[in-house]
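Data block below; observations after.
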Amino acid sequence: MDWDQIEKNWRQVQQKIKRKWVRLTEADLNAIKGRRDRLEGRIHERYGFDADHIRKEVDDWLRWQG
C-alpha cells in the first residue's frame with residue numbers, strides 16, 4: 001500500500017492509525033485528513049519522538065499495511 005491509497009481511504013485507515021498511535025485523538029485524525037506530513041507532526045506532538053524516528057515508524061507501519 002502506498003500513501004496515495006491511505007489518503008483515498010482515510011476514513012477506513014483512521015482506526016488502524018489509532019490502534020498504532022493510541023495517543024492520537026479523534027480531533028487529530030480529523031485534522032490529519034490523510035496527509036502524511038500532518039500525521040508525522042501530530043505523532044511528534046503527542047509522543048515527542050524526533051523526525052527521523054517518526055518517519056521510520058510511519059514507513060514501517062505503511063509496509064505492514066500490504
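The values are calculated or read from the model by the stated rules, or taken from the named source; none is laboratory data. Source: prediction; values computed, not measured. Heads up, the Cβs are rebuilt from the backbone with ideal geometry, glycines too, and the neighbour counts pull from every protein chain shown. Surface areas here come from the heavy atoms of the whole protein model, side chains and all, with no ligands, DNA or RNA. Shrake-Rupley method; radii C 1.70, N 1.55, O 1.52, S 1.80 Å.
Among what's in the stretch 37-50 and is touching a helix residue (DSSP H, G or I) at 6+ places or on another chain (Cβ under 7 Å) and without any contact (Cβ under 8 Å) to a residue 12 or more places away in the chain, pick the residue that is least open to solvent (accessible area, probe 1.4 Å). The extreme case among them is 49.
Considering the conditions (1) in a helix (DSSP H, G or I); (2) out of contact with any His (no Cβ under 8 Å at 6 or more places or on another chain), residue 23 is excluded by exactly one of them, (1). The residue of the stretch 51-66 that is modelled with the lowest pLDDT, among those that are open to solvent by less than 50 Å² (accessible area, probe 1.4 Å) and within 16 Å of residue 12 (Cα to Cα), is 65. All of (1) in contact with a Lys or Arg (Cβ under 7 Å, 6 or more places away or on another chain); (2) open to solvent by less than 90 Å² (accessible area, probe 1.4 Å) hold for residue 34 with one exception: (1). Put simply, of 39, 29 the only residue that is touching a Lys or Arg at 6+ places or on another chain (Cβ under 9 Å) and of a type in the set (A, V, I, L, M, F, W, C) is 29.
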